[in-house]
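Trainee: Provided herewith is a single structure, encoded as structure tokens, for subsequent inquiry.
FYI, it's all coordinate maths here, none of it is from the lab. Note that the structure is predicted; figures quoted are calculated from it, not measured. Note: ideal-geometry Cβ built from the backbone for every residue, glycine included; neighbour counts use all protein chains shown.
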Amino acid sequence: MTKPIKAVGFCTHFSATCEWAFDYAFKLARDHELKLSVCRWLDSPYMIRRNGVYVDNAQQEVAYVTPGLLARLELHLRQYYEPRLGDYLDVGFKLCEGFYQVELVRCLRREELDMVVMGWRGPEVRVMMEKPLDEFARELTYPMVIVGRDGPDSYLLNARAVAILDFLGLPAGTWQALD
């Protein structure tokens, strides 16, 4: 069987649902020998000038983007996830700036990623003026799996992910298609 996916992107915002999403993305990558890209978006409180970003998960502290800040945030990302990777080496870490939906689509189009796994964020959660996550996933023309709406073993799949369900290895009754 030809692999429909060669690289999976896992996007984190360091929540409980992201922990579950990481576990699934890592299992998928390991089981199918895929490249795993661990991505963290740097959210900004500003609409136009995005030279300041939140540096903490609670979005309380804002700092100017400098090479030193980027190095510190990437180190944190690596130190947070590397211990869970064991001897798995086909992993990359990426800090992403800008509007996350636009940047995510850009990475997919550049073929840096073939699919996306994210932790659930409630429908009321929007980053800046972007669409709610489930609406964005529904419209995305690449496979996307959202983990954790109803617990660690619950998955929402867009139409492209449903098309490769056998590859995704999700047990019956654990997933639901985004309609």
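Trainee: Modelling each spin label as a point 7 Å along the Cα-to-Cβ direction, I'd like the residue 91/residue 76 distance in nm, to one decimal.
Mentor: Placing both labels 7 Å along Cα→Cβ, they lie 1.8 nm apart.
Trainee: Looking at 77, 67, 157, which one has the Cα that reaches farthest to the positive end of the dipole of the range 7-177 (charges on Cβ: Lys, Arg +1; Asp, Glu -1)?
Mentor: Most positive-ward Cα: 67.
Trainee: Going by the alpha-carbon gyration tensor, a ≥ b ≥ c the square roots of its eigenvalues, is the range 60-117 rounded (a/c under 1.5) or, if a/c is not under 1.5, prolate (a/b greater than b/c) versus oblate?
Mentor: oblate
Trainee: So for the chain, averaging the separation of alpha carbon pairs under 8 Å that are six or more residues apart and normalising by length, what relative contact order in percent results?
Mentor: That works out to 24 percent.
Trainee: If I model a spin label as a point 7 Å beyond the Cα along the Cα-Cβ vector, how far apart are those points for residue 30 and residue 15 in nm?
Mentor: Computed distance between label sites residue 30 and residue 15 equals 2.5 nm.
Trainee: Go through the range 2-35 and name the trypsin sites (Lys or Arg not before Pro) that are in a DSSP coil and have 14 or fewer other Cβ atoms within 10 Å of their Cβ.
Mentor: 6
Trainee: Give me the dipole magnitude in Debye, nearest 20, for the chain about the Cα centre, with unit charges on the beta carbon: positive for Lys and Arg, negative for Asp and Glu.
Mentor: 420 debye
Trainee: Would you calculate the separation in nanometres between label points at residue 84 and residue 166, each defined as 7 Å from the Cα along the Cα-to-beta-carbon direction?
Mentor: Once both label points are built, they end up 3.0 nm from each other.
Trainee: Please report, to two decimal places, log10 I(q)/I(0) for the range 7-177 at q = 0.12, 0.15, 0.17 Å⁻¹ as given by the Debye formula with identical point scatterers on the Cα atoms and no solvent.
Mentor: -0.52, -0.83, -1.08
Trainee: Let me ask another. Which pairs in the list 27/94; 3/94; 6/131; 6/94 are over 21 Å apart, alpha-carbon to alpha-carbon?
Mentor: Result: 3/94; 6/131 exceed 21 Å.
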